[in-house]
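For reference, the structure discussed in these notes is given below.
The values are calculated or read from the model by the stated rules, or taken from the named source; none is laboratory data. These numbers come from a predicted model, not from an experiment. Don't worry about glycine lacking a Cβ; one is built from the backbone with ideal geometry, like all the others, and counts go over all protein chains shown. In case anyone asks, the SASA skips ligands and DNA or RNA and just uses the protein heavy atoms, side chains included. Shrake-Rupley method; radii C 1.70, N 1.55, O 1.52, S 1.80 Å.
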Amino acid sequence: MNKNTFVLDFEKPLFALLNEINKLEEATDKQKCADLIEGLKKQFYDLRERIYSNLTAHQRLQIARHPERPYTLDFIKGLGENWIELHGNRTGADDEAIVGGLLELEPNLTVVIVGTEKGHNIKEKQRRNFGMPQPSGYQKALRLFKHAETFEMPIITLIDTPGAYPGLEAEANGQSWAIAKNIQEMANLTVPVIAVITGEGGSGGALALGVANKVLMFENSVYSVISPEGCAAILWRTRDKAASAANALKITAKELLEIGLIDEIIPESAGGAHADYLQTTANLKTALQKHLGILKTKSKEELRAERILKFRNYGIFTQ
Amino acid sequence: MSIKDLFKFKRRKNLEQAKPSQELISEQELSELWAQCPSCKTTIYTTELKANLMVCTKCEHHFRISSYDRIEQMIDADTWEEINGSIKPTDALNFVDLKPYPESIIGAKKKSGATEAIVTGIGKINGLETAFGVMEFGFLGGSMGSVVGERIARLAETAIQKKLPVVLISTSGGARMHEGLLSLMQMAKTSSALLALKKHKLLFISVLTDPTYGGVSASFAMLGDIIMAEPKAKIGFAGPRVIEETIRQKLPKDFQTSEYLLKHGQIDLVVSRKELKKTLAQLIKMHK
């Protein structure tokens, strides 16, 4: 049981129970209460199971945005060995909202990992711009993708971003072009690419790292064309309707798997990814190994052509 | 009189051709003979405005125009053949906001007279055969959903088959929210479909017009071998209001205009509507 400092509304009954259990465990006559503690623990696990198996889209959105959710650098710690971070876009900037580098996923398997990074405390969040990349961040990502291609390494992207940064400088420096360019260049890569939505898949800013042979999503992550708040503001004319928009937009992993826009759902630990980093990372690694195993049998041209065809076929219309 | 009314005027005129002619001219119809430039406020005869390609005769303000007016301006008479017009939108997500998506589609069709937010086809630009697409802002803000993506992808594929250059004229608020993530995926679909043109040495010219934002600007519209824009068009990734709310400061007056993008190295040239056809033809000729 993880004692979180940040509690979501629908988790409150859980934390009330947890508090009670902790109080009893700290009490001097702990032995006497053993049965009571056991009973409460069972209640806690049952309730957690019940809450987490019936989450609404809006609740999953909140879990996806949980400030203690593991981010790229957290995953990297448990995903492999000898992480070497590589910096910079080579033309004047190092956007720390995106991190990238080399990792030995297995002893003889070096991969290039590129992911968004939100940062866990205020100082880190500012440094990482809350995980909202500038054009230079996407340029850094693209440079690392090309590196992977040169040395024939698989690419793994970990995506958790509210979106590309909507700022004056970002516009002046070509945010649109940076995203468009990444989307087009990613489609054309000749190495295996796996994209994982780990938290928030925020629109074009997410897709700029998301054109992959396999697109996976964590159980409580979301992937959306626009934030539910933004959608509500435009279509419902009030941000208060974000929960309705979250439902209408079909942003959850389960719904997107049904529509066929993602390939697999990676399970999270009970109580969400933030409750157990190790288990969540282990689940991620299992999924990555499985898909890399399949993709490594494919030729360069197959990898490229299949990826392009995959995205070519997305769309539902009548004729 | 707003720009919208101008489009109404045109539609009504078309409708009236089928109806018996009316004897009286209403007050409203009289007022539709005139248009006021939203930029310099000059009042202009609509016939004069149309003859000037919907560019203000006094201040050169470029009015927003419909997809079919654009085709009329850019494509040689009697050479236009629309393709893939039978691809129609569908409500894949059962999307309901203040009204169901199918109702929004019906409304958009009525308002714009178009079947979707892009019209694609083959036509000649000063005698040069071109795969041509033009977006329709009147259809749900020119938003890109599955149909826009599919029509663009097929246009690129047709261009490769027929060895034609591609010209896309964009105007869009971004991705179609009503189709959720399917819309986002159209960014990848269009971008990779157009990539195939390069292998065949086929030119892709992207023309940005007022306004071009979001999922359209951050995908195919910014991927032209040559990118041009009409004067003073608003072009960007995020909308100015979102940016102002984020950075909490006033934006410069020319922010996100064609001229601003030109200054910041993002587009190749700014071309007046009156020079557009000639410029397109010249560029296509040079890449033959």
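Among the residues making up the range A:160-214, those that are within 12 Å of the chain's Cα centre (by Cα) and either polar (S, T, N, Q) or not assigned by TED's automatic domain parsing to the domain that holds A:L303 (or both) are A:T161, A:T198. Would you be able to say whether some residue in the range A:258-266 is surrounded by 18 or more Cβ atoms within 10 Å (Cβ to Cβ) and of a type in the set (G, A, S)? No, the range A:258-266 contains no residue that is surrounded by 18 or more Cβ atoms within 10 Å (Cβ to Cβ) and of a type in the set (G, A, S). Across the range B:240-288, the number of residues qualifying as among the small types (G, A, S) and surrounded by fewer than 13 Cβ atoms within 10 Å (Cβ to Cβ) comes to 1.
Each residue in the range A:214-229 was checked for being in contact with a strand residue (DSSP E or B) (Cβ under 6 Å, 6 or more places away or on another chain) and either open to solvent by 10 Å² or more (accessible area, probe 1.4 Å) or within 8 Å of chain B (Cβ to nearest Cβ) (or both), and 4 of them qualify. Summed over the range A:174-195, the residues that are closer than 18 Å to A:I226 by Cα and more than 13 Å from every other protein chain (Cβ to nearest Cβ) give a count of 0.
Which residue pairs have Cβ atoms closer than 8 Å, lie 6 or more positions apart in sequence or on different chains, and pair a first residue in the range B:37-63 that is over 13 Å from B:P231 (Cα atoms) with a second residue that is open to solvent by less than 60 Å² (accessible area, probe 1.4 Å) and of a type in the set (S, T, Y)? If the second residue must be open to solvent by less than 60 Å² (accessible area, probe 1.4 Å) and of a type in the set (S, T, Y), the pairs left are B:P38/B:S2; B:T57/B:T42; B:K58/B:T42.
Would it be correct to say that A:N129 is polar (S, T, N, Q), over 23 Å from A:E219 (Cβ atoms) and buried (at least 18 other Cβ atoms within 10 Å of the Cβ)? When the stated conditions are applied, A:N129 passes them. Just one of (1) more than 9 Å from chain B (Cβ to nearest Cβ); (2) open to solvent by less than 50 Å² (accessible area, probe 1.4 Å); (3) hydrophobic (A, V, I, L, M, F, W, C) fails for A:L168. It is (1). Against the conditions (1) more than 24 Å from A:N313 (Cα to Cα); (2) open to solvent by less than 60 Å² (accessible area, probe 1.4 Å); (3) modelled with pLDDT of 95 or more, B:V216 satisfies every one except (1).
Checking the stated criteria, B:K124 turns out not to satisfy the condition of being over 20 Å from B:S206 (Cα atoms), at pLDDT 95 or above and basic (K, R). If the condition is being polar (S, T, N, Q), farther than 15 Å from A:Q319 by Cβ and in contact with a helix residue (DSSP H, G or I) (Cβ under 7 Å, 6 or more places away or on another chain), then the range B:115-170 contributes B:N126, B:T130, B:S170. Considering only residues in the range B:41-67 that are touching a strand residue (DSSP E or B) at 6+ places or on another chain (Cβ under 7 Å) and within 19 Å of B:K109 (Cα to Cα), the one that is most open to solvent (accessible area, probe 1.4 Å) turns out to be B:R64. Per this entry, A:E124 is not counted among residues that are part of a loop (DSSP other than H, G, I, E, B) and at pLDDT 95 or above.
Note on the range B:80-114: residues that are assigned to a helix (DSSP H, G or I) and among the acidic types (D, E) total 1.
Quick grid of which residues meet (1) surrounded by 24 or more Cβ atoms within 10 Å (Cβ to Cβ); (2) more than 14 Å from chain A (Cβ to nearest Cβ):
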| site | (1), (2) |
| --- | --- |
| B:T115 | no, no |
| B:L140 | yes, no |
| B:S143 | yes, no |
| B:Q161 | no, yes |
| B:S172 | yes, no |
| B:M177 | yes, no |
| B:L181 | yes, no |
| B:Q186 | yes, no |
| B:A193 | yes, no |
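Among the residues of the range A:95-118, the one identified as touching a helix residue (DSSP H, G or I) at 6+ places or on another chain (Cβ under 7 Å) and open to solvent by 40 Å² or more (accessible area, probe 1.4 Å) is A:E96. So B:A77 passes all but one of these: (1) part of a loop (DSSP other than H, G, I, E, B); (2) touching a residue at least 60 places away in the same chain (Cβ under 8 Å). Which condition number does it fail? Every listed condition holds for B:A77 apart from (2). May I ask you to list the residues in the range A:71-91 that are open to solvent by less than 70 Å² (accessible area, probe 1.4 Å) and under 24 Å from A:T5 (Cβ atoms)? Hits for the range A:71-91 are A:Y71, A:T72, A:L73, A:D74, A:F75, A:I76, A:G78. Of the residues making up the range A:57-70, at least one is at pLDDT 95 or above, open to solvent by less than 40 Å² (accessible area, probe 1.4 Å), of a type in the set (A, V, I, L, M) and farther than 14 Å from A:A273 by Cα. Taking the residues in the range A:282-319 that are aliphatic (A, V, I, L, M) and within 14 Å of another protein chain (Cβ to nearest Cβ) as candidates, determine which candidate is least open to solvent (accessible area, probe 1.4 Å). Going through the qualifying residues, I end up with A:L303. The test for being away from chain A (no Cβ under 14 Å) and either at positive phi or more than 17 Å from the chain's Cα centre (by Cα) (or both) holds for B:L53. With respect to the conditions (1) farther than 21 Å from B:Q256 by Cβ; (2) crowded, with 23+ Cβ neighbours inside 10 Å; (3) within 13 Å of chain B (Cβ to nearest Cβ), A:D160 falls short on a single one, namely (3). Residues in the range A:234-256 that are within 11 Å of another protein chain (Cβ to nearest Cβ) and open to solvent by 40 Å² or more (accessible area, probe 1.4 Å): A:I234, A:R237, A:T238, A:K241, A:S244, A:N247, A:K250, A:E255.
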